[in-house]
1. Got at least one residue in the stretch 50-68 being of a type in the set (G, A, S), touching a Leu at 6+ places or on another chain (Cβ under 9 Å) and either over 22 Å from E360 (Cα atoms) or modelled with pLDDT under 95 (or both)?
2. Provide a single number: the residues in the stretch 184-195 that are of a type outside the set (A, V, I, L, M, F, W, C) and assigned to a loop (DSSP other than H, G, I, E, B).
3. Out of the stretch 294-310, which residues are surrounded by fewer than 19 Cβ atoms within 10 Å (Cβ to Cβ) and either closer than 17 Å to G53 by Cβ or not polar (S, T, N, Q) (or both)?
4. Identify, by number, the condition in (1) more than 23 Å from S153 (Cα to Cα); (2) touching a helix residue (DSSP H, G or I) at 6+ places or on another chain (Cβ under 9 Å); (3) part of a helix (DSSP H, G or I); (4) open to solvent by 20 Å² or more (accessible area, probe 1.4 Å) that T81 doesn't meet.
5. Does V394 satisfy the condition of being open to solvent by 60 Å² or more (accessible area, probe 1.4 Å) and among the aliphatic types (A, V, I, L, M)?
6. Can you tell me which residues in the stretch 311-340 are surrounded by fewer than 24 Cβ atoms within 10 Å (Cβ to Cβ) and assigned to a helix (DSSP H, G or I)?
7. Go through the stretch 169-183 residue by residue and tally those that are of a type outside the set (F, W, Y) and part of a loop (DSSP other than H, G, I, E, B).
Amino acid sequence: MADQFDVIVIGGGPAGYHAAIRAAQLGLKTACIDNFKGKDGKLALGGTCLNVGCIPSKALLDSSRQFWNLTQHFDVHGITTKDAKIDVATMVGRKDKIVKQFTGGVALLFKGNKIAAYDGFGTLLPNKVVSVKRFDGTTTELTAPNIILAAGSTSIELPFARFDGKNIVDNAGALDFDKVPKRLGVIGAGVIGLELGSVWRRLGAEVTILEALPDFLGAAEKDVAKVAAKEFAKQGLDIKLGAKVSKAEVKGDTVEVTYTDAKGEAKLVVDKLLVAVGRRAATNGLLAEGTGVQLDERGRVVVDEHCHTGADGIWAVGDCVRGPMLAHKGFEEGIAVAELIAGKPGHINYDTIPWVIYTEPEIAWAGKTEDELKKAGIAYKAGAFPFAAIGRAVAMNETAGFVKILAHAETDRLLGVHMVGPGVSELIAEAVVAMEFHGSAEDLARIIHAHPTLSEAVHEAALAVDKRAIHKVN
């Protein structure tokens, strides 16, 4: 007989474990199934984000940033070093300890909230039964009146560049190199490609990024992308746009990549190749016949604005549904669904989800870009302010970038906030709060910001919307 629960969550990543914890907090008997194995072969809750995504990549970004500053920037502070070296094994070991700390932390939260954690692969069967193929090969069945699908996503593999875990890798493989590759090739100039490309460039690799699209960071504000591209070039990231890869052939210990750009066909020989062309919903094997749950043309679970699938009691959240594949988007969807199941209001404002790229400089935005506003025919006004005029940024020797604010031409309501520069992954939160409360540029302009801080760039940009910034000529 199947084990009985009030809520079953399939997937223990950001969306899934938040849903499970919130459901348990609301008094619902909850089970969560996940098939992510840690390096010890045991269940490692937290999904891609905690195991091979957000957390480990930020650990390596921080380690590599320290080394880069030591070798490239500390001289301006009067700090000199000689023969600085990076121990990759120690760096990766530190990353692994952080991952274990956080995955173990989720397990403790499950225990504290009395959530039943099942290792294995979960498949939804008809009549709200979930079959779990356990790590030990046995099968368990669970049932509940409400089931939340949170299967997450997986790396897209190119047919001509199959992952081998050694020469051609996905994001997980690029987190575990045993030494700095002399030459690293990256297919895709998106978040993963830029962040992991930055890690290994800072440590000494020659990094070439091949991007098929003609525009760099097409989803970002154009002038933000322009500044970022300029800074990345200074750091030695060779980003080739309009470069369409057609072949990747392993030859001994190297990979020969064939691509075509405006100049014609060309070849690139690298020691490691990271394929970072995006991710797809991990829904293979998730649904048996007869569940009533539908998948779209991209393999994502079809849901309404409340993350309900249309099949009674079946919900879906996170990377396996429409919308941006962002951990924090999954967090909020999981929580909202748990609250809806418990009879409480649950809501997500998709218009104010912040986007962040943790490169150097950082890139962050929320809301609409100028191009989007123009296409929608929305009248707006804009104000921008550079970090080069911010005392704290100058003192930190991190002056590249700016903050740009877009506000409605008539109501002054905030429509979009775009940033590139130091610490903008944190600064964007102020903009999101203001937008959530339907705030205006005037609201940001009237808030007192501490001096000297990086946040003063937000204040001055808000003033600049009405051409009254104090520290620049309007």
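1. no
2. 2
3. If the condition is that a residue be surrounded by fewer than 19 Cβ atoms within 10 Å (Cβ to Cβ) and either closer than 17 Å to G53 by Cβ or not polar (S, T, N, Q) (or both), then L295, D296, E297, R298, G299, V302, D304, E305, H306, H308, G310 are the ones that fit.
4. All conditions are met except number (3).
5. Judged against the criteria, V394 is a match.
6. A327, H328, K329, F331, E332, I335, A336, E339, L340
7. Residues flagged as of a type outside the set (F, W, Y) and part of a loop (DSSP other than H, G, I, E, B) within the stretch 169-183 amount to 8.
Quick grid of which residues meet (1) of a type in the set (V, I, T); (2) over 30 Å from K58 (Cα atoms); (3) not in a strand (DSSP E or B):
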position	(1), (2), (3)
F385	no, no, no
V417	yes, no, no
V433	yes, no, yes
D443	no, yes, yes
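The values are calculated or read from the model by the stated rules, or taken from the named source; none is laboratory data. It should be emphasised that the depicted structure is a prediction, and the values quoted were computed from it without experimental measurement. Because the Cβ atoms are built from the backbone with ideal geometry, glycine has one as well, and the counts that use them run over all protein chains shown. In case anyone asks, the SASA skips ligands and DNA or RNA and just uses the protein heavy atoms, side chains included. Shrake-Rupley method; radii C 1.70, N 1.55, O 1.52, S 1.80 Å.
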